[in-house]
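One structure below.
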Amino acid sequence: MSISVAIIGAGFAGIGTAIRLQDKGITDFVIFERDTRVGGTWRDNTYPGAACDIPSRLYSYSFAPNPDWSHTYSGSDEILAYIDSMVESSGVASHIRFEHTVTGLRYDEETGEWTITFDSGREPVRARSVVVASGPLANASFPDIRGIEEYAGHKIHSARWDHDYDFTDKKVAVVGTGASAVQIVPELVKTAKSVKVFQRTPGWVLPRVNLSITESTKERYRKTPLTQRLARSAWFWGHESVALGVVWNTPLTRVVEAVSKLHLRSQVSDPWLRRQLTPDFAAGCKRLLMTSDYYPALQKDNCKLVTWPIAQLSTNGIRTVEGIEHQADVIVFATGFEVSKAGTPIPITGIDGRDLAAEWSKGAYAYRSVAVSGYPNLYFTFGPNSGPGHSSALVYMEAQIDYITDAISLVTENAWKSLEVRSDAQASYNEDIQAKLTGTTWNSGCQSWYLTEDGFNATMFPGFATQYVNQLRQVDLQDFRISVRQKALEESVAG
Ligand code: NAP
């Protein structure tokens with residue numbers, strides 16, 4: 001089979017790319033999805049309390065506004081329903097091939113096409129352009145803790161929730177205190193006999209006020225879409241202003257820290273617990289935690305914060321370094337994801353047999369986060385240095401999608417063989433990005449999933465969302481090398 005565009009992944013990014021391709025008149029595309037359902041991270045993260053800590057008005061596509069969000073911050077089921085509704089209304093469902101796990105991509109210089117291979121002995125597919133939309137937070141990560149195999153109780157990862165497990169009256173241990181854990185713990189304390197939360201590093205917590213949206217407001221959004229656009233705009237600029245204290249390590253970062261400490265003081269009266277929950281790194285360095293429920297949950301009679309480091313797992317539970325064994329019927333691992341900051345999620349072979357995983361072995365880099373020199377007609381959503389620390393991932397994703405689909409349209413309309421970013425354009429872009437990262441909170445000295453083990457930041461974009469979006473407004477062809485197809489060349493010479 002030979003197609004114009006292959007999209008890998010049917011999450012937010014893959015579905016958005018398909019819709020925008022269709023809008024631009026390109027219908028010869030296929031989405032390859034390893035699972036049996038669309039939704040990506042929102043299909044996988046169904047733990048109790050799962051929600052987005054970015055307001056729904058902004059955590060959605062501007063080309064698919066939803067007047068019906070029930071709350072300021074919607075739950076994962078509502079976000080998944082939103083993705084489903086986009087699939088249904090756009091008609092891209094017929095383009096999705098489920099249970100197609102892509103195992104590799106290889107570029108053919110002769111034809112300017114990519115060969116996509118799959119597991120289970122499926123026939124390879126050829127595509128002129130490929131969009132890797134497989135998402136950075138797709139592979140759940142169990143920690144490398146001694147004895148994890150010996151533990152005889154039940155193990156659940158936050159991103160692979162076991163809905164058949166009944167937590168009622170169970171002794172629960174939660175490992176991790178990141179963005180997922182702070183949503184899970186307030187739910188678990190409602191039914192479990194006991195919940196012990198194993199904290200390695202406390203995070204900065206800001207309050208989250210989640211209001212329900214009235215029917216009259218929904219009606220207004222439906223009748224006058226401009227009001228919904230204005231609401232989105234207000235959230236956008238509100239988040240942009242926060243960048244000054246969250247992206248860059250500035251005096252405003254101290255203000256964010258002061259607000260967080262006030263929140264801690266207002267919710268936790270015990271000074272010792274407050275000390276245990278106070279971070280020792282700059283706010284924003286790790287992801288800010290947005291919750292008003294977490295501290296109250298920790299202080300419930302059936303909940304306990306454990307700050308002694310974990311030594312190992314035993315048959316019955318978790319042993320901390322001071323020698324205590326904490327018995328647990330179930331351990332919830334809210335320990336995050338295997339994020340490919342170095343290497344690639346799948347083997348990718350470009351011009352002259354170049355191996356992208358080898359080139360990215362010390363950390364990934366790209367041109368404007370979407371294209372890589374030596375790998376023509378290949379695009380990434382949520383590629384290197386595309387992460388926001390202060391705004392909605394969907395704002396960034398929409399900009400990537402529009403840029404990528406514009407580039408693909410150029411190749412299709414002009415019947416080009418390939419479009420490849422120039423190595424000098426890519427190098428100067430990355431020099432600038434890395435120089436700008438030095439002043440950010442992410443590079444200010446804490447350990448986070450944003451950095452490689454060597455401290456290289458291949459994840460975050462050091463700037464405002466406005467700057468990120470602006471750099472992707474148009475495909476600057478002077479930064480690219482264009483190859484025309486032999487046939488098209490002959491026709492134009494003859495013409
Ligand atoms: P995470 O931020 O990577 O947090 C993992 C937690 O597990 C951290 O507290 C970490 O401690 C701890 N941990 C890891 N290995 C450990 C070990 N061996 N022993 C003890 N503790 C260990 O993962 P996450 O909470 O799943 O969030 C991941 C990302 O998903 C977030 O950054 C965010 O981008 C996204 N997310 C978003 C939302 C949302 O509302 N938008 C919600 C959930 C998740 P250390 O801090 O010490 O490493």
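The values are calculated or read from the model by the stated rules, or taken from the named source; none is laboratory data. Model, not experiment: these values are computed from the prediction. So basically every Cβ, Gly included, is an ideal-geometry build from the backbone, and we count neighbours across all protein chains shown. The area values use the complete protein model at the heavy-atom level, side chains included, leaving out ligands, DNA and RNA. Shrake-Rupley method; radii C 1.70, N 1.55, O 1.52, S 1.80 Å.
Summary table
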{"quantity": "Inter-label distance, nm, simple model (7 Å from Cα along the C-beta direction), residue 166/residue 120", "calculated": "3.4 nm"}
{"quantity": "Fraction of antiparallel bridges per DSSP, the chain only, in percent to nearest 5", "calculated": "45 percent"}
{"quantity": "Subset of 261/304; 171/304; 24/218; 261/300; 193/304; 190/304 violating a 18 Å alpha-carbon distance limit", "calculated": "261/304; 24/218; 261/300"}
{"quantity": "Cα gyration tensor of the range 347-425 - equivalent ellipsoid semi-axes, whole Å, descending", "calculated": "21, 19, 9"}
{"quantity": "Magnitude of the charge dipole, the range 358-495, Cβ model with Lys/Arg +1 and Asp/Glu -1, debye to 20", "calculated": "40 debye"}
{"quantity": "Å² per residue, accessible surface of the chain at 1.4 Å", "calculated": "44 Å²"}
{"quantity": "Stretchable slack from residue 414 to residue 467, in nm (0.36 nm times residue separation minus alpha-carbon distance)", "calculated": "16.1 nm"}
{"quantity": "Size of electric dipole in the range 198-350: Cβ of Lys, Arg +1 and of Asp, Glu -1, about Cα centre, debye, nearest 20", "calculated": "620 debye"}
{"quantity": "Within the chain: Cβ-based charge dipole about Cα centre, in debye rounded to nearest 20 (Lys, Arg +1; Asp, Glu -1)", "calculated": "1400 debye"}
{"quantity": "Distance in nm between pseudo-label sites at residue 255 and residue 217 (7 Å out along the Cβ direction from Cα)", "calculated": "2.5 nm"}
{"quantity": "Carbon and sulfur %, accessible surface of the chain computed with the full protein complex present, 1.4 Å", "calculated": "51 percent"}
{"quantity": "Low-density loop cleavage sites - chymotrypsin sites (Phe, Trp or Tyr not before Pro) in the range 106-213, where at most 14 other Cβ are within 10 Å (DSSP)", "calculated": "165"}
{"quantity": "Mean projection area, nm², convex hull over Cα of the range 123-208", "calculated": "10.2 nm²"}
{"quantity": "Cβ-derived FRET efficiency at R0 41 Å, residue 321 paired with residue 89, nearest 0.05", "calculated": "0.15"}
{"quantity": "Candidates per trypsin sites (Lys or Arg not before Pro) in the range 139-240, loop by DSSP, up to 16 other Cβ within 10 Å", "calculated": "146, 190, 193, 200"}
{"quantity": "Qualifying GluC sites (Glu not before Pro) in the range 80-157, DSSP loop, other Cβ atoms within 10 Å at most 15", "calculated": "99, 109, 110, 149, 150"}
{"quantity": "Separation of the residue 110 and residue 229 label points, Cα + 7 Å toward Cβ, nm", "calculated": "5.1 nm"}
{"quantity": "Cα gyration tensor, the range 224-270 - rounded (a/c under 1.5), prolate or oblate", "calculated": "oblate"}
{"quantity": "Sequence-separation-based contact order of the chain, relative, with Cα cut under 8 Å and 6+ spacing, percent", "calculated": "19 percent"}
{"quantity": "For the range 197-299: rounded, prolate or oblate by the Cα gyration tensor [a/c cutoff 1.5]", "calculated": "oblate"}
{"quantity": "Computed over the chain, Cα set: Rg, Dmax in Å", "calculated": "23.6, 84"}
